[in-house]
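I have placed the structure first, in the form of structure tokens, so that the comments after it can refer back to it.
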Amino acid sequence: MIGMNLLAFFVLAVQIYSVTPVIHTLNYFNTASQVAKLPEYWEAAYVDGVQILHFDSNHRKMRAKHDWVDKITQDDPHYWEGETAGSIHAEQVFKVDIELLNKRFNQTGGVHMLQVMSGCEWNDETGEVDGWQHYSYDGEDFISFELKTMSWIAAHPQAFITKLKWDQIDGYNEVWKNYFTEMLPFELKKHVSNGREFLTRTELPTVSLLQKTPSSPVTCHATGFYPRTSDLFWRKDGQEIHEDVEMGETLPNHDGTFQTTADLKVELTPAAEGRYECVFKLDGVREEMVTKLHAKSILSNVRIQEEEDRKKAVAIAVPLVVLALVAMAVAAGVFLAKRPKSQQANYAPASSISSSEQD
């Protein structure tokens with residue numbers, strides 16, 4: 001359940017702070033976890049939805065996810081050492097925070113998770129900036145910082161103690177204001193400048209039609225596209241439809257591209273084929289990618305199994321045919337060998353016969 005909350009936390013963050021062509025975002029995700037097989041603590045940073053940094057308690061070193069991210073050391077040679085040191089310190093702070101929250105919620109056991117999302121956005125046309133920080137505990141909102149009012153908002157009754165304490169510390173909220181309006185935007189601008197070619201590229205996706213069973217919805221799956229701003233929908237007889245269509249989330253791939261889905265509930269009859277089509281439109285690209293709905297173009301568990309069965313049948317049949325031909329050849333050879341020599345001459349190649357006639 002906590003794993004699903006983590007995914008929902010990331011997806012919600014990307015949806016809330018999705019970018020437009022002139023707005024850039026920098027998001028940090030910090031997570032302390034007691035989930036087995038997961039690091040006790042890890043961080044990830046994203047610029048315009050593309051992961052640029054990663055740290056976890058297993059490797060204990062901040063690492064760049066793309067070559068262009070390392071350009072930031074041109075102005076700050078000790079950037080990575082500073083980032084790693086900050087992450088190791090944050091790891092210890094998060095451990096203490098989880099212990100404190102366990103006591104505050106009267107929890108004596110179980111698996112718990114603390115997540116913090118902090119970041120900023122910068123409009124490269126107007127210069128306007130904004131920032132945010134949200135705490136989540138066990139998948140539920142806990143407390144957040146509101147930059148406009150310069151105060152903390154308690155989203156849970158147990159968070160009021162924290163809110164009162166932080167709001168009353170002299171100059172504490174001013175420090176956070178400076179962080180969100182000066183420090184983070186400064187870092188964001190550097191990353192955008194260093195990675196502009198990568199961040200402003202366009203990549204079209206691979207679009208496939210998928211179906212689990214003959215009675216399942218037909219899923220239009222687009223993956224490998226960039227930027228994130230895109231549109232995927234179904235059309236019937238040339239008109240966009242919303243009834244019987246369920247849209248999926250836009251999720252990041254490991255290579256910095258994105259994927260999304262659109263499910264269509266439809267009875268796949270011959271009459272329905274050709275009337276429906278899945279359409280993908282990428283921001284900045286005029287042409288549409290259109291995939292017609294045809295039964296033969298759908299990848300499904302049933303079709304995959306049928307294809308595997310066919311391949312197995314061919315794999316078995318081909319050797320049997322070869323064995324049969326070999327057996328026939330051997331039988332013919334034995335038959336010829338047993339005939340009298342005078343009769344064997346009649347089975348000589350035609351070319352030999354013609355050459356003897358010319359003599």
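The values are calculated or read from the model by the stated rules, or taken from the named source; none is laboratory data. Remember, predicted model here, so these are calculated numbers, not experimental data. Cβ: placed from backbone, ideal geometry, glycine included. Neighbour counts: every protein chain shown.
Data overview
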| item | result |
| --- | --- |
| Close pairs from the stretch 228-250: first under 25 Å from residue 22 (Cβ atoms), partner among the hydroxyl-bearing types (Ser, Thr, Tyr) and part of a strand (DSSP E or B), Cβ under 6 Å, at least 6 apart | 232/260; 250/260 |
| Residue match in the stretch 112-124 (condition: of a type in the set (Val, Ile, Thr) and within 24 Å of residue 49 (Cα to Cα)) | yes |
| Condition check for residue 69: β-branched (Val, Ile, Thr) and farther than 24 Å from residue 255 by Cβ | no |
| Total residues in the stretch 166-218, condition of a type in the set (Gly, Ala, Ser) and in a helix (DSSP H, G or I) | 1 |
| Per-region count, the stretch 28-43, residues of a type in the set (A, V, I, L, M) and closer than 28 Å to residue 131 by Cα | 1 |
| Which numbered condition residue 101 fails, given (1) without any contact (Cβ under 8 Å) to a residue 60 or more places away in the chain; (2) within 23 Å of residue 188 (Cα to Cα); (3) among the aliphatic types (A, V, I, L, M) | (2) |
| Qualifying residue in the stretch 216-223 (condition: at positive phi and free of Cβ contacts under 8 Å to residues at least 60 places away in the same chain) | no |
| Members of the stretch 200-223 that are loosely packed, with under 15 Cβ neighbours inside 10 Å and closer than 21 Å to residue 300 by Cβ | 206, 212, 213, 214, 215, 216 |
| Elements of type strands (runs of 3 or more DSSP E) contained in the stretch 231-272, each with 1 or more residues being more than 24 Å from residue 296 (Cα to Cα) and in contact with a helix residue (DSSP H, G or I) (Cβ under 8 Å, 6 or more places away or on another chain) | none |
| Residue satisfying all of: in the stretch 155-165; among the aliphatic types (A, V, I, L, M) and assigned to a helix (DSSP H, G or I); surrounded by the most Cβ atoms within 10 Å (Cβ to Cβ) among these | 159 |
| Scan of the stretch 37-55 for residues that are in a loop (DSSP other than H, G, I, E, B) and buried (at least 20 other Cβ atoms within 10 Å of the Cβ), ordered by number | 48, 49 |
| Filtered residues of the stretch 261-274 (kept if at pLDDT 95 or above and either out of contact with any His (no Cβ under 8 Å at 6 or more places or on another chain) or farther than 30 Å from residue 45 by Cα (or both)) | 262, 263, 264, 265 |
| Search result, residues across the stretch 174-207 that are polar (S, T, N, Q) and in contact with a Ser or Thr (Cβ under 7 Å, 6 or more places away or on another chain) | 206 |
| The stretch 118-154: number of residues that are in a loop (DSSP other than H, G, I, E, B) and either crowded, with 17+ Cβ neighbours inside 10 Å or outside the structural domain of residue 190 (by TED's automatic domain parsing) (or both) | 2 |
| Complete set of residues in the stretch 273-299 that are part of a loop (DSSP other than H, G, I, E, B) and either aromatic (Phe, Trp, Tyr) or crowded, with 16+ Cβ neighbours inside 10 Å (or both) | 293 |
| Condition check for residue 66: outside the structural domain of residue 255 (by TED's automatic domain parsing) and without any contact (Cβ under 8 Å) to a residue 40 or more places away in the chain | no |
